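Below is one structure, written out as structure tokens; the observations come after it.
The values are calculated or read from the model by the stated rules, or taken from the named source; none is laboratory data. Quick caveat, the model's predicted, so the values are computed rather than measured. Don't worry about glycine lacking a Cβ; one is built from the backbone with ideal geometry, like all the others, and counts go over all protein chains shown. With ligands, DNA and RNA removed, areas are computed over all heavy atoms of the protein, side chains included. Shrake-Rupley method; radii C 1.70, N 1.55, O 1.52, S 1.80 Å.
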Amino acid sequence: MRTIHHVRKMAIALMALSFLAACRKDAVVKTNPTTPATTGTAAQGQVLTPFGMRDASSVHLIEKGYHLDVSTGNIQKVENATGKVVADFGKAGPITQSHTNVTGGSNGILPYTEGWITDASWTNNTGSPITYFSTNWTVPTTPTNQSSQTLFLFNGLQDGLTSTSYIIQPVLQWGGSAAGGGQYWAIADWYVSSSQTFYTTPEAVSSGTNLQGVMSPYAVSGSSYTYLIYFAGHSGVEVIGARQVTWAFETL
């Protein structure tokens, strides 16, 4: 089993980003995101996530006391205490996405199609699964220029780059998104599949706070993994029955 401990300190303020993504509706039961944020180039009914703009109907809150189970091939929301499936969101994919690049400020830098401004990554080809991935950083000061920008800083794990891939990520956010937020720093945990997006309730954090974003599998059954996504000292969310992640990265 492979352990990664990656330490980063990120304190970068960016101009607002705009994304365009066409997403299919697969939800059987849906939870509406709170105070969703959109941008001027977004299609009506789309909201902002760390993976770009997505249909509001495919973005869902996972409250404390619930987890996700994907072991059946469908994405299901399950109550921890009873094991009861309270919502079934259908299969994770596939999905076809299209993106529009926009200029990222006066320097003329063009964001990647996914909206990532900068990232560092490592692909696990060792034959041993990743067992632990954490990142320590300090919450930056507030952006000098404050308008409608949204910043996402996170470490993440992904199972590849296919039409059915997923990503898990503890995210530090400035600004508004599908999870809520505003002109303050906040943390939340995200699971994003090719067709559905899930987030935990954001918690406000102060500049100068030391954070540790962690992802770790704590149960393995054959090719099925249970991952826990959390910030140290804060409640997280678990995803049961997921495929093994092989790609680790740091992203702004």
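Condition check: part of a loop (DSSP other than H, G, I, E, B) and either open to solvent by 10 Å² or more (accessible area, probe 1.4 Å) or without any contact (Cβ under 8 Å) to a residue 40 or more places away in the chain (or both). Does residue 195 satisfy that? Spelling it out, it is not the case that residue 195 is part of a loop (DSSP other than H, G, I, E, B) and either open to solvent by 10 Å² or more (accessible area, probe 1.4 Å) or without any contact (Cβ under 8 Å) to a residue 40 or more places away in the chain (or both). Quick one: would you say residue 188 is of a type outside the set (Ser, Thr, Tyr), surrounded by fewer than 21 Cβ atoms within 10 Å (Cβ to Cβ) and part of a strand (DSSP E or B)? For residue 188, the condition - of a type outside the set (Ser, Thr, Tyr), surrounded by fewer than 21 Cβ atoms within 10 Å (Cβ to Cβ) and part of a strand (DSSP E or B) - is not met. On inspection, residue 77 fails the criterion of being in contact (Cβ under 8 Å) with a residue 12 or more places away in the chain and open to solvent by 50 Å² or more (accessible area, probe 1.4 Å). Considering the stretch 80-95 alone, what residues qualify as being part of a strand (DSSP E or B), in contact (Cβ under 8 Å) with a residue 24 or more places away in the chain and open to solvent by 20 Å² or more (accessible area, probe 1.4 Å)? Once the filter is applied, which keeps residues that are part of a strand (DSSP E or B), in contact (Cβ under 8 Å) with a residue 24 or more places away in the chain and open to solvent by 20 Å² or more (accessible area, probe 1.4 Å), the stretch 80-95 yields 86, 88, 91.
For the stretch 212-231, residues that are farther than 13 Å from residue 191 by Cα, open to solvent by 10 Å² or more (accessible area, probe 1.4 Å) and either touching a residue at least 24 places away in the same chain (Cβ under 8 Å) or among the basic types (Lys, Arg) (or both) total 6. Filter the stretch 192-220 for residues that are of a type in the set (Phe, Trp, Tyr) and over 14 Å from residue 60 (Cα atoms) and give the result. Answer for the stretch 192-220, where residues must be of a type in the set (Phe, Trp, Tyr) and over 14 Å from residue 60 (Cα atoms): just 218. Applying the selection to the stretch 128-176, what residues are in a strand (DSSP E or B), within 19 Å of residue 68 (Cβ to Cβ) and among the small types (Gly, Ala, Ser)? Within the stretch 128-176, just 156 meets the criteria. If you go through the stretch 198-211 and pick out every residue that is open to solvent by 20 Å² or more (accessible area, probe 1.4 Å) and part of a strand (DSSP E or B), you end up with 3.
Restricting to the stretch 113-170, name every residue that is open to solvent by 10 Å² or more (accessible area, probe 1.4 Å), among the hydrophobic types (A, V, I, L, M, F, W, C) and in contact with a Phe, Trp or Tyr (Cβ under 7 Å, 6 or more places away or on another chain). The answer is 120, and nothing else. Among the residues of the stretch 57-74 satisfying the criterion of being surrounded by fewer than 20 Cβ atoms within 10 Å (Cβ to Cβ) and more than 15 Å from residue 237 (Cβ to Cβ), which is nearest to the chain's Cα centre (by Cα)? This residue is 57.
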